[in-house]
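No lab work stands behind these numbers, since they all come straight from the coordinates. Nothing here was measured: the structure is a model prediction, and the numbers come from that model. Don't worry about glycine lacking a Cβ; one is built from the backbone with ideal geometry, like all the others, and counts go over all protein chains shown.
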Amino acid sequence: MKKWITGLWLLAMCVIFISGMGMDCYAQDKQTYTVKQSGFSVEELQKILNTASDTQEIEVFFEKGTYEITQCIYLRSNTTIYAQGATFVRSGTALVNGGNLLSNNAEGQTGTNRGSGYSLTKNIAIIGGTFDGGNVAKAKVRANLVIFGHAEGIRIQNATFKNCYGSHLIELAGVKNCVIDSCTFDGSGFRYNDAHDESEAVQIDICAEGLNGSFGADKTPCDGVTVQNSIIKNYPRAIGNHNTVSGARNKNIKIIGNQISSTKFKDKQAILFYCFDNSEAKNNTISGYATAVQVFSSTGIAIDGNTIAGGSSNGISVLNNSKITSIAGNTITKSALNAISVKGGANVQTIVDNQLVGSGNNAILIAEKGTVVNTIEKNQITAPKQNGISLNENCTVSMVNDNVLKGVGGNAIRVAVPVKLIQGNTITDTKANGIDLSNQGAKVTKVSGNKISNTKGRAAVNISCGSVETLAENTITSSAQAGIKVTTKQAGIGTIENNTVSGSGTSSLALSARGKADAVTNNIFEASKTHNIAVTGKSVISKVENNQILDSGKSAIYVSNAGSMVKLLHSNTITQTKSHAICVASKGSIKTVKENIISNIKGYGLSAVSGSKVALVQKNEFNKCKNHAVYFGKASIKTKVNGNRFNNNKKAAIYIGKGVKASIKANVISGYNEKEMQIIENTDKNLLHQLKLDKLTVKSTKVSGMAGRQNSIKVKAGKKKYQKRAGANGKFTVNIPKQKKKTKVTIQAVDKYKNSIRKTVVVS
């Protein structure tokens, strides 16, 4: 013993405290030993370690070298091991028969079923050293390399652990306040069989029957364990637990700043929180595992700031009623399935600020009955092969806000569940839809402030089943098909307002197959390749009001098929269409067209054909239509065309086809070409009036021409006004005072229903 252990007493002091109850003695001395490699024996080392106690602190320094450990070394309370440069190798019976290399014990305690609570040992530190499980090919029984149980105040720092057969490099069973810092755990020499490849490099366990027989089975969990700044490689699982017992839960576990990787084991989790409470995995770098972090039946978990690469399953997986405070600031690349998966009735407060790249399925998957996520926001999602954010059937999500999604292989945001708010997301280059509602359970309160561009699917916002109460203030550009699409009788929108939709491959807004919308107001719809607003297949919009509808590839507003309807079309500005401004076809209908401004139209201003119906056309302005401004084709319908203004249209202001019963009152028509002066082209003899102004001649003292039968003729020359009624054949002549050449004279014809046409002519 004298050859390899030198004892040095640094301090011995006894403090005697006398009280009325008696005399107690508290020893406060620290004893230091130096262990040398030559002449080393485990038995002599254990004698030194046994000098530590609840009242005796010791420090043991090991010289550099290799020490064979043939039986388990036990540490007592108040022991610090300094082992920089020392290597401890398990051998002999400890290796073959499954003995631990290092454990803890208390004075007078031996064998199994030792300790309770956190009282067995306190205040143990291991600084430095390599702890080697030896030639595990010779091992016959699985065993941990290091195990501490029923202990409190453990610190392990700058140590290396390697070579183990079918178990853990470190097991903590019922340990409180433990820090493992800057250690290396090497699983390259790990030996296992198929029945026991669940092993963690660091297991955080419970003292319970059937789990760790060395310690008292009183269900003591771990509380306050930190594993930080360490390297863990090639172990079946890096940190966590795969066992649990009723009534005991590990808590306050922190896994921070570790580098975890595996090229050997790829079918398990790097970190597994299994029935843990108030714990966290933060700022770890993880690669090669099937799942980097999995949470199962745990509460109060934070998963933040981790960098995760590869993996044959999910990057982060939350299951089985777990409760998560945050999944934040993680970078996850190329997960084979989902970057983040939340299922099985789990509850997550926030999924925020994550960068998710190249997932094999979805970037974020929320699924299954009872699963709840409060907020998904500010995530950067790039190139998942399926959906960016997939909110699957039966779960609940409150808000999806301010995410950026690029190059998504499916839908950027798929919604099949109730969601309160989808807001401020930026979506570009998706191969399917931008925001997709495809399930009857998809009920979104508000979709607002999103920027969606270059979607390749059916629509930037596609509602094929489900509903949106308000779709507002979104900017949608360059959709391959529709900007906004509502299809099937199970799909509907309450209000579509203040959106800007441009450059759609088909329509800016399309409703089909019994789709529904209550109000379409204050939007800008422009540059669609077909109709800016298309309502077909028995779909209904209650109100289209105060929109700017510009540069349509076909009609600005198209309503077609029996049962398809717009109830009110009011106060819209429609310009620059390549076909009609408003087209109602194939028995579609619009009840009221009122107070719209329609200009620069290459086709009709309003066209109603093939049995379609427009009940009232009132107080609209039709300017510069290249075909008839209002055109009713052959049909057995009734309509009213009242109080409209028609300016500089190339053909008839109002065309009434055969069979149409029209009430036409108080319209004002001006600025027609001389060759197209017949305003009502009518083949129905029952039409009671005709209005026209044609063949005008203005001399210095006389105005003449052709008007409708019995039209009232009003002439304004200078400041003077003159009036006369046309004859039965429509001819009229009005004498005026002599006028100078090139003086402008205004001529107006008014029928008995107060429709009027006005023309300004220069005196010749």
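The figures follow:
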| quantity | calculated |
| --- | --- |
| Positive minus negative residues near Ser542 (Lys, Arg vs Asp, Glu; Cβ under 11 Å) | +2 |
| Over 22 Å between alpha carbons, listed pairs Lys334/Lys431; Lys699/Lys731; Lys543/Lys624; Lys233/Lys268; Lys268/Lys431 | Lys543/Lys624; Lys268/Lys431 |
| For Asp205, Asp551, Asp132, order by how many other beta-carbon atoms lie within 10 Å, fewest first | Asp551, Asp132, Asp205 |
| Hits among aspartates and glutamates - C-alpha to C-alpha of Lys602 under 20 Å, sequence gap 8 or more where chains match | Glu526, Asp551, Glu621, Glu674, Glu676, Glu681 |
| Cα shape, the stretch 447-553, gyration tensor, a/c 1.5 rule | rounded |
| Estimated distance in nm for a label pair at Lys744 and Gln84, the labels positioned 7 Å out from Cα along Cα-to-Cβ | 10.0 nm |
| Rounded Å value of the spacing that divides the Cα centres of the stretch 392-414 and the stretch 48-112 | 54 Å |
| Set of aspartates and glutamates with alpha-carbon distance to Lys140 below 19 Å, sequence-local pairs under 8 removed | Glu68, Asp132, Asp194, Asp197, Glu198 |
| FRET efficiency, Asn158 to Asn374 (Cβ-Cβ, R0 51 Å, nearest 0.05) | 0.80 |
| The stretch 689-762, relative contact order [Cα under 8 Å, separation at least 6], % | 34 percent |
| Dipole of the chain, positive direction: furthest Cα of Ala363, Ala328, Asn450, with charges on the beta-carbon | Asn450 |
| Geometric extent, Cα atoms of the stretch 494-562 - Rg, Dmax (angstrom) | 10.9, 29 |
| Formal net charge of residues neighbouring Lys138 (Cβ-Cβ distance under 14 Å; K, R +1; D, E -1) | +2 |
| The chain, relative contact order in percent, only Cα pairs under 8 angstrom and at least six apart counted | 4 percent |
| Diffusion coefficient, µm² s⁻¹, Stokes-Einstein with Kirkwood Rh over alpha-carbon pairs of the stretch 599-662 at 20 °C and 1.002 mPa s | 186 µm²/s |
| Which listed pairs, of Lys176/Lys282; Lys578/Lys754; Lys554/Lys661, have C-alpha distances above 24 Å, in listed order | Lys578/Lys754; Lys554/Lys661 |
| Inverse mean reciprocal Cα-Cα distance (Kirkwood Rh) of the chain, Å | 32.0 Å |
| Contour excess over end-to-end distance, with Cα ends at Thr573 and Glu469 and 0.36 nm allotted per residue | 34.9 nm |
| Rule-of-thumb Rg ratio for the stretch 59-202 [Cα; 2.2 N^0.38 Å; N residues] | 0.98 |
| Order by protection proxy (mean Cβ within 10 Å, highest first), peptides 725-734, 358-367, 387-396 | 358-367, 387-396, 725-734 |
| Semi-axes of the equivalent ellipsoid for the stretch 561-688, Cα gyration tensor, largest first, Å | 20, 17, 13 |
| Projected-area average for the stretch 326-405 over all orientations - Cα convex hull basis, square nanometres | 4.2 nm² |
| Net charge of neighbours whose Cβ lies under 13 Å from the Cβ of Thr32, counting Lys and Arg as +1 and Asp and Glu as -1 | -2 |
